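Notes for the one structure printed next.
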Amino acid sequence: MDLVVEGRAWYKGKLQHVCIGIENGRIARVKKVLKGERQLDFNDRIILPGAIDVHTHMREPGMTRKEDFSTGSVAAAFGGVTCFFDMPNTKPQSIHRDDVMEKKELASKKSWVDFGLFGGVSDASNPQRIADQVVGFKIFMSSTTGSVLLSEDKDIRRAMDLIKPTKKVVSVHAEDEHLLIKREEASIRDHAEARPRRAEASAIERLAQFSQQNKVNICHVTSLEGLEALSKGAFTSEATPHHMLLDIASCGRKGFCKVNPPLRPKSDKEALLAAFASGKISLLASDHAPHTVEEKEQEFDSAPSGVPGVETSFPLMMALARKERIGLGVLIKAACETPAQLFGLNKGAIEEGKDADLMVLDPRIVTSIVPRNLHSKCGWTPFEGQEAIFPQAVFLRGQLLVEEGGLVGERNGRDVVAKRRVAA
């Protein structure tokens, strides 16, 4: 055994003291007692699977003043995220094969953790031509930062029909473009009114017809109306920490909490967190979307939408688990197990044969989030001062990457997509 990691691990649905034997980057054995060439005993600290963030915007290529694959993946690692998926609305968009391959090469050279790329879809593209290189496809039903818009049912149907034989997940930014109100905005409340809850519910209802033939995932649900609309189709769904922990009254720095879809009133925030706690939301996703401080300090109407979150997402929710506001099992399922199962990854659980992606936490060590301690290039967070439990150690495929607040491993992120061709 190359390495044995010992501690209180989440194994077979509960915390139990075990030894995790690792060989060639994978979990080889899980036993009460194991011996290896190297032994790391974490005593009563908790060992969990590495988190998989299914929704990030690492801003490369084209917007690297905000973030890039190196800084974004380091931030991910410090937050216990050992695999992230990057969305296609970069410059250029990840729609055509050459652009996807160029972006993949950049990520392969720069990422510290494993990654997958989402492919974009336009009304004229053929997603089958990139299906073998992407983890899934992203459809934007409303205009947002750098998106390619598919707002008409005929265009969505064309895309879904082309994607169906690839069996790839289709993640959708579900806001009905036809119900957005185009006007000048001066506040978070204005932004929420311009992108109303009904727009979210309407988009989800329109997608129901496609959910039987395609694996449709509803990104960043925000409202009670949106939650109710999920029952009308066979969807998976995401919730973000900013929609579960922040609301329109939370943020004093106006443009810094501007995000699409917008923050909602307190009642929606509480309904969303309750739905997540009850297991009704499939996935925890950060929707990490950094912008520079200078961009966010513009007049509200001009400030871009989006907040950083890949480093704080799991630690924030872990702090809620410590307070028993959510169950640890629910959190691990949404952040680790379900993402791996939905996207077909050999990750997400402490099981023999799985990639040895692990994080080690001490739930007794609760910290307040401080921007200068975070690692995103953008240098700020909407969660300043909130309680979080950050991992003390992170392993990527059995290699120690983060330890006691420092980066100790080597850059070794890999693309998770199997290199198999899908007929165009």
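Each value in this text was obtained by applying a stated rule to the coordinates, not by laboratory testing. It should be emphasised that the depicted structure is a prediction, and the values quoted were computed from it without experimental measurement. Backbone-built Cβ (ideal geometry, glycine too); neighbour counts: all protein chains shown.
Summing +1 for each Lys or Arg and -1 for each Asp or Glu, what net charge is found among the other residues whose Cβ lies under 12 Å from the Cβ of residue 50?
Cβ neighbours under 12 Å give a net charge of -2.
Add -39500 (n - 2.57) for each DSSP H run of 4 or more in the chain, then divide by its residues: what number comes out at 222 nm, to the nearest 500 deg cm²/dmol?
Working: 12 runs with 102 residues, N = 424.
The per-residue figure over the chain is -6500 deg cm²/dmol.
In this model, which of 269/333; 31/323; 31/104; 12/258 are farther than 32 Å apart at the alpha-carbon?
Beyond 32 Å: 31/104; 12/258.
Can you sort 380, 112 so the residue with the fewest Cβ neighbours within 10 Å comes first?
Working: 380 19, 112 26.
The fewest-first ordering by Cβ neighbours comes to 380, 112.
Please report the projected area of the chain's Cα convex hull averaged over all directions, in nm². Before the final figure, lay out each step's value.
On the way: hull surface 72.5 nm².
Approximately 18.1 nm², given one-decimal rounding.
When the dipole is taken about the Cα centre of the stretch 50-343, and only Lys, Arg (+1) and Asp, Glu (-1) are charged at their Cβ, what size is it in debye, to the nearest 20? Kindly include the intermediate steps, with their values, before the conclusion.
Values: 38 positive and 40 negative charges, 107 e Å.
Roughly 520 debye, rounded to the nearest 20.
Run the paramagnetic zone check for residue 292: 7 angstrom along Cα to Cβ, then residues of the stretch 44-58 with backbone nitrogen under 19 Å.
Only 57-58 pass the distance filter.
So for the pair residue 300, residue 15, with labels modelled 7 Å out along Cα→Cβ, what separation do we get in nm?
With each label placed 7 Å out from Cα toward Cβ, I get 4.2 nm.
From the square roots a ≥ b ≥ c of the eigenvalues of the alpha-carbon gyration tensor of the stretch 53-185, which class results: rounded (a/c under 1.5), prolate (a/b over b/c), or oblate?
Working: a/c = 1.95, a/b = 1.34, b/c = 1.46.
Oblate, because a/c is 1.5 or more while a/b does not exceed b/c.
Across the stretch 386-401, in residue order, what do the Karplus-derived ³J(HN,Hα) couplings come to in whole Hz, using 6.51 cos²θ - 1.76 cosθ + 1.60 with θ = phi - 60° and x for Gly and Pro?
7, 6, 8, 10, 8, x, 8, 8, 9, 10, 10, 6, x, 9, 5, 10
Taking θ = phi - 60°, what integer Hz values does the Karplus form 6.51 cos²θ - 1.76 cosθ + 1.60 yield along the stretch 233-239, in sequence order, with x for Gly and Pro?
x, 8, 9, 9, 8, 10, 10
How large is ³J(HN,Hα), in whole Hz, for each residue of the stretch 101-117 in order, when computed from phi with the Karplus curve 6.51 cos²θ - 1.76 cosθ + 1.60 and θ = phi - 60°, using x for Gly and Pro?
5, 5, 5, 4, 5, 4, 5, 5, 7, 10, 7, 8, 10, 5, 8, x, 10
Could you list, by residue number, the cysteines of the chain that have no other cysteine's beta carbon within less than 4.7 Å of their beta carbon?
Flagged as lacking a Cys partner: 19, 83, 219, 336, 378.
Taking the Cα-to-Cβ direction at residue 280 and at residue 212 and moving 7 Å from each Cα, how far apart do the two end points lie in nm?
2.4 nm
With each pseudo-label sitting 7 Å past Cα toward Cβ, what's the residue 373-residue 198 distance in nm, one decimal?
Distance between the two pseudo-spin positions: 4.5 nm.
In the structure displayed, which of 167/280; 110/280; 14/110; 182/296 lie more than 27 Å apart, Cα to Cα? Before the final figure, lay out the partial values.
Numbers: 167/280 23 Å; 110/280 35 Å; 14/110 35 Å; 182/296 20 Å.
Check vs 27 Å cut-off fails for 110/280; 14/110.
At most 10 other Cβ atoms within 10 Å and a DSSP loop assignment: could you name the trypsin sites (Lys or Arg not before Pro) in the stretch 140-195 that fit?
Those satisfying the criteria are 182, 183.
In degrees from 0 to 90, rounded to the nearest 10, what is the angle of the helix 313-322 Cα long axis to the longest principal axis of the chain?
60 degrees
At 0.36 nm per residue, and after removing the present C-alpha to C-alpha distance, how many nm does the segment from residue 324 to residue 38 gain when stretched out fully? Could you put the intermediate results ahead of the total?
Details: separation 286, 0.36 × 286 = 102.96 nm, distance 3.49 nm.
Going from the current span to full extension adds 99.5 nm.
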